[in-house]
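These notes concern the structure reproduced below.
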Amino acid sequence: MQFTIKHLVGVAVVAATAAAPLAPAAAGHSDRRCAQRFDAVQRQDMESFRDFKADEWRAVHDTEAISIDPSGKAAYGIEQIMAGAKTHFERKWAIWSWTELSRRVDGCRTAVIVYDATYDIPSIDYHQRALTTVTYTYKHGHWLGVLDQGTYLDAPS
């Protein structure tokens, strides 16, 4: 069976949404305010990784977050995730860019974004392009990344 990017995006969004906790919306928070707060956290997540700001990137992830890179390697918990990203933050030699393909924010509960993302290291002529799905949850008054999964769109070079 052949899958298109459209199929993969749909499967990723459905799976991430189904796996997200279904806690009631936080009292006193409108959906619009939650969406605005989510926008700020989502920007911090993507831009702090791009700009090599490890502490800011760590701050928007749950301590029990899971990250699965496009090769299938999984990291469980923020400590493993940070250890896996150590070289990225220390060497500062990569160019991270993304295009948002879809977004779903469910009030003050969960949010899922699917990106077409590239990770390039020009000095070693490395290029990776992946479909990346990031799932967030609203926990203790804060949006936090809980699952990040990548799927190669182009074989890394």
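Here are some notes:
- Qualifying residues in the range 54-92 (those that are out of contact with any helix residue (DSSP H, G or I) (no Cβ under 9 Å at 6 or more places or on another chain) and part of a strand (DSSP E or B)) - the one nearest to residue 119 (Cα to Cα): 68
- Test: residue in the range 93-116 that is free of Cβ contacts under 8 Å to residues at least 60 places away in the same chain, under 23 Å from residue 55 (Cα atoms), outside any strand (DSSP E or B) and open to solvent by 30 Å² or more (accessible area, probe 1.4 Å): yes
Here is a yes/no grid of residues against (1) within 12 Å of the chain's Cα centre (by Cα); (2) modelled with pLDDT under 95:
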site	(1), (2)
80	no, no
88	no, no
101	no, no
105	no, yes
108	no, yes
116	yes, no
119	no, no
136	yes, no
139	no, yes
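- When the test is whether a residue is outside any strand (DSSP E or B), among the hydroxyl-bearing types (Ser, Thr, Tyr) and crowded, with 18+ Cβ neighbours inside 10 Å, residue 48 passes it.
- The set of residues from the range 71-81 being under 28 Å from residue 155 (Cβ atoms) and open to solvent by 30 Å² or more (accessible area, probe 1.4 Å) comprises 71, 72, 73, 74, 76, 80.
- Contacts under 6 angstrom Cβ, first residue in the range 146-157 being closer than 12 Å to residue 75 by Cα, partner hydroxyl-bearing (Ser, Thr, Tyr), 6 or more apart: 146/135; 146/137; 147/135; 148/67; 149/133
The values are calculated or read from the model by the stated rules, or taken from the named source; none is laboratory data. As the structure is a computational prediction, the values presented were derived from the model and not from experiment. Cβ atoms come from the backbone with ideal geometry, glycine included; neighbour counts cover every protein chain shown. Accessible surface is based on the protein model in full, side chains and every heavy atom, while ligands, DNA and RNA are left aside. Shrake-Rupley method; radii C 1.70, N 1.55, O 1.52, S 1.80 Å.
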